[in-house]
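Structure first, then comments.
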Amino acid sequence: MNRSPRVLVVVRRYWPQANDSTFRLRQWCSAIVRAGAQVEVLTACWSSQWPKSLTCREIPIWRIEPAPSSPFRIGRYTRAVANWVREQASRFDLVWCDAVDIEAEAILGLPANASLPPVAVRFDPNELSATYCRDGYIASRALQACRRSRLVVAPRATALQRLISSGIPAHKIIRMPDSAIETVHRSDTLRYRARAILSEISPELFLRSTDRLVVCPTDLELRQPIETLLHAMGPLLETDRGLRLWLLGEGSYRSRIYESLKYRGWHNLVDMPGSFEDFEQIIQASDLWVFPTQGYGTGWLIPSAIASGLPILVTDSPEIGSVLLNNQSQLVFQGSDVFDLQHHIRTWIEQPIIFAKATERARQALVEHLRPLDGWDAILAHL
């Protein structure tokens, strides 16, 4: 192709929605823009007060119907997606569906005379919505959407194995790791400045220079992982007033988690500042990130923390091997085991040098194996 490829990214959540998936996608879009692509994003409208169109980081964003809040509203939303893509298809060289979800199904269901450009779908079983999940198995309609698309992108080895075992032709599959991460500098000067900026945002975010800040960036949708973290850290917070815990994110269990904190008398020891659109100051101000939810954070948050040299603790999962490449056991704890997590946190408090060395080894391994936009050239070859 002799000109810049024009890419339409279709996804339900995008900026200013803030979670691991939206951070990953936003960083990836910026990366392919720097590589010469022209990118536009089609997404749902999550608030009636949001503008229908805007530009963020030089990327036009188009918002259509509100995201479906129940199965009865899916039809109207998917029709809006299909109609918009059909009307604008001639402007693009590639349609990228960031998940094999109802948006991809709507687009792939358009008739042949719609003259669609090639459609690529990103297949990650861990990110499929409840629409496609049943009893822990991938529903057949998701894999059928993969068969109907021109290309299927597998971001991790487990996704690749599932596609191959399901009979998806190998020539349609492109292995493209989620490698568009962000590295944040974390000098002592920047740490001090970041804490000053955060304290200006809210008095609740005030931190002394000697305070040790533990941050849990997560979707507050699953109560048990957060309860595991609170049971592990609660006694430590009670005895060490220089230790702080922030729960970052939004979700349906937010109010219940706060009630649980009040019941235990920990609501003054744990802050829940909500979501952040930019994590630069958070990474600089933090001393440790903890990920108690299995699989969460592997798209952008965990690799960005590692690349920035920020110590982390992650629950063991099959996905974690894609970012902890040299098996740093000091940084991994066993799922719902409160005592194992508490042991790791105590080790971090009492022997921080162990975590610093493990983090540096993980950072070196990640940077060494990182291949920015690996697989993008293979996608362009199909245009």
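Table: residues versus (1) assigned to a loop (DSSP other than H, G, I, E, B); (2) under 26 Å from Ala159 (Cβ atoms); (3) within 21 Å of the chain's Cα centre (by Cα).
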| site | (1), (2), (3) |
| --- | --- |
| Gly297 | yes, yes, yes |
| Ala305 | no, yes, yes |
| Leu341 | no, no, no |
| Arg346 | no, no, no |
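Selection of first residues in the range 204-233 that are outside the structural domain of Arg256 (by TED's automatic domain parsing) and in contact (Cβ under 8 Å) with a residue 12 or more places away in the chain and of second residues that are surrounded by fewer than 24 Cβ atoms within 10 Å (Cβ to Cβ) and aromatic (Phe, Trp, Tyr), restricted to Cβ pairs under 9 Å at least 6 apart or on distinct chains, gives an empty result.
Ser90 - would you say it is exposed (fewer than 14 other Cβ atoms within 10 Å of the Cβ) and either closer than 21 Å to Thr22 by Cβ or within 21 Å of the chain's Cα centre (by Cα) (or both)? No: the conditions fail for Ser90. Among the residues of the range 10-51, those identified as β-branched (Val, Ile, Thr) and either touching a residue at least 60 places away in the same chain (Cβ under 8 Å) or closer than 24 Å to Tyr77 by Cα (or both) are Val10, Val11, Thr22, Ile32, Val39, Val41, Thr43. If only residues of the range 197-217 that are within 27 Å of the chain's Cα centre (by Cα) and part of a loop (DSSP other than H, G, I, E, B) are counted, the one that is modelled with the lowest pLDDT is Ser202. In the condition set (1) out of contact with any strand residue (DSSP E or B) (no Cβ under 9 Å at 6 or more places or on another chain); (2) buried (at least 20 other Cβ atoms within 10 Å of the Cβ), Phe279 is compliant with all but (1).
A quick yes/no check of all residues on (1) more than 30 Å from Thr183 (Cβ to Cβ); (2) among the β-branched types (Val, Ile, Thr); (3) assigned to a loop (DSSP other than H, G, I, E, B):
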| residue | (1), (2), (3) |
| --- | --- |
| Leu8 | no, no, no |
| Pro16 | no, no, yes |
| Ala31 | no, no, no |
| Thr43 | no, yes, no |
| Arg76 | yes, no, no |
| Asn83 | yes, no, no |
| Arg86 | yes, no, no |
| Ser90 | yes, no, no |
| Val95 | yes, yes, no |
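For the range 282-328, name all the residues that are polar (S, T, N, Q), over 19 Å from His369 (Cα atoms) and free of Cβ contacts under 8 Å to residues at least 24 places away in the same chain. The answer is Ser317, and nothing else. For the range 82-106, what are the residues that are in contact with a Cys (Cβ under 8 Å, 6 or more places away or on another chain) and either hydroxyl-bearing (Ser, Thr, Tyr) or more than 19 Å from Ile168 (Cα to Cα) (or both)? Once the filter is applied, which keeps residues that are in contact with a Cys (Cβ under 8 Å, 6 or more places away or on another chain) and either hydroxyl-bearing (Ser, Thr, Tyr) or more than 19 Å from Ile168 (Cα to Cα) (or both), the range 82-106 yields only Glu103. Screening the range 130-149 for residues that are hydroxyl-bearing (Ser, Thr, Tyr) and at pLDDT below 55 and picking the one that is surrounded by the most Cβ atoms within 10 Å (Cβ to Cβ) gives Tyr132. Determine if the range 276-291 includes at least one residue that is part of a helix (DSSP H, G or I) and at pLDDT below 90. Within the range 276-291, none of the residues are part of a helix (DSSP H, G or I) and at pLDDT below 90. Within the range 221-247, restricting attention to residues that are outside any helix (DSSP H, G or I) and within 18 Å of Leu341 (Cβ to Cβ), which residue is modelled with the lowest pLDDT? So the residue we want is Leu222.
Which one is surrounded by the most Cβ atoms within 10 Å (Cβ to Cβ), of the residues in the range 175-189 that are more than 19 Å from Ser21 (Cβ to Cβ) and β-branched (Val, Ile, Thr)? Among them, the one singled out is Val184. Considering the range 50-73, the residues that are in a loop (DSSP other than H, G, I, E, B) and small (Gly, Ala, Ser) include one that is surrounded by the most Cβ atoms within 10 Å (Cβ to Cβ), namely Ala67. Pairs linking a residue in the range 159-182 that is under 18 Å from Ser140 (Cβ atoms) to a residue that is surrounded by fewer than 20 Cβ atoms within 10 Å (Cβ to Cβ) and of a type in the set (Val, Ile, Thr), with Cβ atoms under 6 Å and 6 or more positions apart or on different chains, are Leu163/Ile173.
The values are calculated or read from the model by the stated rules, or taken from the named source; none is laboratory data. Owing to the predicted nature of the structure, the values given are computational and were not obtained by experimental measurement. Every residue, glycine among them, receives a Cβ derived from its backbone with ideal geometry; neighbour counts consider all protein chains shown.
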